[in-house]
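One structure below.
Throughout, read-outs are computed from the coordinates displayed, never taken from laboratory work. Everything numeric in this text was worked out from a predicted model, so none of it was measured. Cβ: placed from backbone, ideal geometry, glycine included. Neighbour counts: every protein chain shown.
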Amino acid sequence: MRSAGRWLLGALALGFGFLAYIYLTLPDVRPLRTTNPPTTAFIELRAREARAKGQTPRRLQRWVSYGRISPDLKRAVLVAE
């Protein structure tokens, strides 16, 4: 019985450590509630690809309110995640 208790305690410690690692390594997304990011990694990737091809990158970005986004697009983003 004593070894089962140690095993359970070790499993709990391992689980807690894993959850702490996940929590501490996730990015802080709270600023995104009030501020739109100036760029994204995807936009920067496409700009680098355009420059590599000798083209001038074009940036067409227009922010819209959440209510104006199609419900189908919202679902597609959730499915893609």
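Here r is the Cβ-Cβ distance between residue 56 and residue 34 and R0 is 35 Å; the resulting FRET efficiency, rounded to 0.05, is 0.65. With volume of the Cα convex hull per residue in Å³ as the read-out, I listed (1) 191; (2) 119; (3) 73; which label goes with the value calculated from this structure? Here the calculated entry is (1). Ordering 17, 69, 34 by the projection of their Cα atoms onto the charge dipole of region 13-81, which places +1 on the Cβ of Lys and Arg and -1 on the Cβ of Asp and Glu, puts 69 at the extreme positive end. About its Cα centre, the dipole of the chain is roughly 240 debye, where the only charges are +1 on Lys and Arg Cβ and -1 on Asp and Glu Cβ.
Projected label points at residue 11 and residue 23, each 7 Å from Cα along the beta carbon direction, are separated by 2.1 nanometres. Of the trypsin sites (Lys or Arg not before Pro) found in region 25-81, those that fall in a DSSP loop while having at most 15 other beta-carbon atoms within 10 Å are 53, 58, 59, 62. Per-residue ellipticity at 222 nm computed for the chain from its helices equals -18500 deg cm²/dmol, with DSSP H segments shorter than 4 residues left out and the rest contributing -39,500 (n - 2.57).
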